[in-house]
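Contents: one structure, followed by commentary.
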Amino acid sequence: MIDLHTHSNASDGTVSPEALVALAARKGLSALALTDHDTVAGVPVALAQGRALGVEVVPGIELTTEWDGSHVLHILGYFLRHEDPALGERLAWLKAKRRERAGKIVARLSELGLGVTFEQLETIAGDAAMGRPHVARALVEAGAVRTIDDAFRRYLSHGRPGFVKRETVTTEEGIALLKAAGAITVLAHPGTYRLKARQLARLVEQLKAMGLEGLEVYWSGHGAAQVESYGALAQRLGLVVTGGSDFHGDAKPGIELGRGRADSIPIPDSVLAALRERQSVKTGH
Ligand code: AMP
Ligand code: ZN
Ligand code: FE
Ligand code: FE
């Protein structure tokens, strides 16, 4: 069993990078990619823990990017040089923007009379790259909502009163940034962008022209028909196929490491070998 899409508390997951790799070892996973939102802060610890426990840890990231001014696309990067200085500089900027946005969300929510403060948010997020799930947890703790899901539905999702847009990189810049740091770039969870098959195919073709190399075919929320059609698209365009659960610990209940949801299509182990092969072709060893 492998899992190439996971989040730790370096971003909006609830499990530390050490504990995440330990959980992978307990569950018998042979490999795990840490793909936190806009940060590689958890990667060094995850790599060390992987060496200690005999789990292959793939350094990764999930970058939030802006497409066409109004759409958000998540781009996964694998095998990146996580200490790349240019990458680090841009990620520091993104982290600051995330913090700024979280502050604005809290201000909105206070205007609505909900008792959440930025201090509470800081306690929950620590030094993590702040995201809406942290705000959602603050709302649950304040007793304003029952669950994280309620928090999104009532306040935090696009179009809800607590939604605030965030400054981020464009998709083109994001792909270039990751590639410059040696990453293989992959479009995450194509099933979430609300596109018809033909629109998605056109989008992926455009992304490929920008240097995209893979498509996340296996993902917790993709059904059998989606896995089949995204797999066919990847094959037609010569893109590498990846897959992962999008595990977030308790921030996304119902998603199990390595497995996804109870009805998710299992991620074949062969996916990692293909990804590794793609990487060795690039680096020449
Ligand atoms: P942000 O990066 O701050 O825009 O927050 C996006 C994160 O919120 C992603 O990890 C999503 O998976 C997560 N998210 C979106 N909707 C929900 C939900 N209903 N329940 C839990 N997490 C969610
Ligand atoms: Zn997340
Ligand atoms: Fe995502
Ligand atoms: Fe994710």
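In region 81-119, how many are hydroxyl-bearing (Ser, Thr, Tyr) and touching a helix residue (DSSP H, G or I) at 6+ places or on another chain (Cβ under 8 Å)?
1
Can you tell me which residues in region 47-66 are closer than 20 Å to Leu272 by Cα, of a type in the set (Val, Ile, Thr) and within 16 Å of ligand 4 (Cβ to nearest atom)?
Scanning region 47-66 gives Val58, Ile61.
Here is a check on your reading of the model: is Glu83 among the acidic types (Asp, Glu) and within 16 Å of ligand 3 (Cβ to nearest atom)?
In short, no.
If you take just the helices (runs of 4 or more DSSP H) that sit entirely in region 145-210, which of them hold at least 1 residues that are closer than 30 Å to Glu277 by Cα?
171-180, 197-209
With the requirement that a residue be open to solvent by less than 20 Å² (accessible area, probe 1.4 Å), of a type in the set (A, V, I, L, M) and in a helix (DSSP H, G or I), what does region 111-139 give you?
Passing the criteria: Leu121, Ala125, Val135, Ala136, Ala138, Leu139.
Can you pull out the residues in region 51-73 that are more than 15 Å from the chain's Cα centre (by Cα) and crowded, with 19+ Cβ neighbours inside 10 Å?
Across region 51-73, the qualifying residues are Val55, Val57.
Tally time: how many residues in region 74-94 are within 16 Å of ligand 2 (Cβ to nearest atom) and either over 24 Å from Arg276 (Cα atoms) or surrounded by fewer than 22 Cβ atoms within 10 Å (Cβ to Cβ) (or both)?
2
Mind counting the residues in region 232-247 that are more than 16 Å from ligand 3 (Cβ to nearest atom), surrounded by 13 or more Cβ atoms within 10 Å (Cβ to Cβ) and either of a type in the set (S, T, N, Q) or within 12 Å of Ala197 (Cα to Cα) (or both)?
Adding up the residues that qualify gives 2.
Where the second residue is open to solvent by 60 Å² or more (accessible area, probe 1.4 Å) and in a helix (DSSP H, G or I) and the first is more than 12 Å from ligand 2 (Cβ to nearest atom) and lies in region 229-256, which pairs have Cβ atoms under 6 Å and are six or more apart or on separate chains?
As it stands, the answer is Leu237/Lys208; Val240/Arg278, since those pairs meet every condition given.
(1) under 14 Å from Asp12 (Cβ atoms); (2) among the aliphatic types (A, V, I, L, M); (3) open to solvent by 30 Å² or more (accessible area, probe 1.4 Å): which one isn't true of Ala142, the others all being true?
The failed condition is (1).
Look at Val281 and say whether it is surrounded by fewer than 22 Cβ atoms within 10 Å (Cβ to Cβ), without any contact (Cβ under 8 Å) to a residue 40 or more places away in the chain and more than 22 Å from Leu73 (Cα to Cα).
Judged against the criteria, Val281 is a match.
Residue pairs, Cβ under 7 Å, 6 or more apart or interchain, first in region 187-211 and more than 21 Å from Lys282 (Cα to Cα) and open to solvent by 60 Å² or more (accessible area, probe 1.4 Å), second hydroxyl-bearing (Ser, Thr, Tyr) and away from ligand 4 (no atom under 16 Å from the Cβ). List them.
From residues that are more than 21 Å from Lys282 (Cα to Cα) and open to solvent by 60 Å² or more (accessible area, probe 1.4 Å), the pairs are Ala197/Ser229.
What pairs can you find where one residue is in region 154-172 and away from ligand 3 (no atom under 16 Å from the Cβ), the other is of a type in the set (D, E, K, R), and their Cβ atoms are less than 6 Å apart, with a gap of 6+ or different chains?
From region 154-172, the pairs are Gly162/Arg108; Val164/Arg101; Val164/Lys104; Glu167/Lys97; Thr170/Glu66.
Specify the residue that is farthest from Gly42 (Cα to Cα); the eligible residues are those in region 3-27 that are open to solvent by 10 Å² or more (accessible area, probe 1.4 Å), more than 15 Å from ligand 2 (Cβ to nearest atom) and touching a residue at least 60 places away in the same chain (Cβ under 8 Å).
Lys27
Let me spell it out: the conditions are (1) under 15 Å from Ile175 (Cα atoms); (2) free of Cβ contacts under 8 Å to residues at least 12 places away in the same chain; (3) within 16 Å of ligand 1 (Cβ to nearest atom); (4) not aromatic (Phe, Trp, Tyr), and Gly60 meets all of them except one. Which number is the exception?
(2)
The values are calculated or read from the model by the stated rules, or taken from the named source; none is laboratory data. Fair warning: this is a prediction, and the values are worked out from it, not measured in the lab. Don't worry about glycine lacking a Cβ; one is built from the backbone with ideal geometry, like all the others, and counts go over all protein chains shown. To get the accessible areas, we keep the full protein, side chains included, count just its heavy atoms, and leave off ligands, DNA and RNA. Shrake-Rupley method; radii C 1.70, N 1.55, O 1.52, S 1.80 Å.
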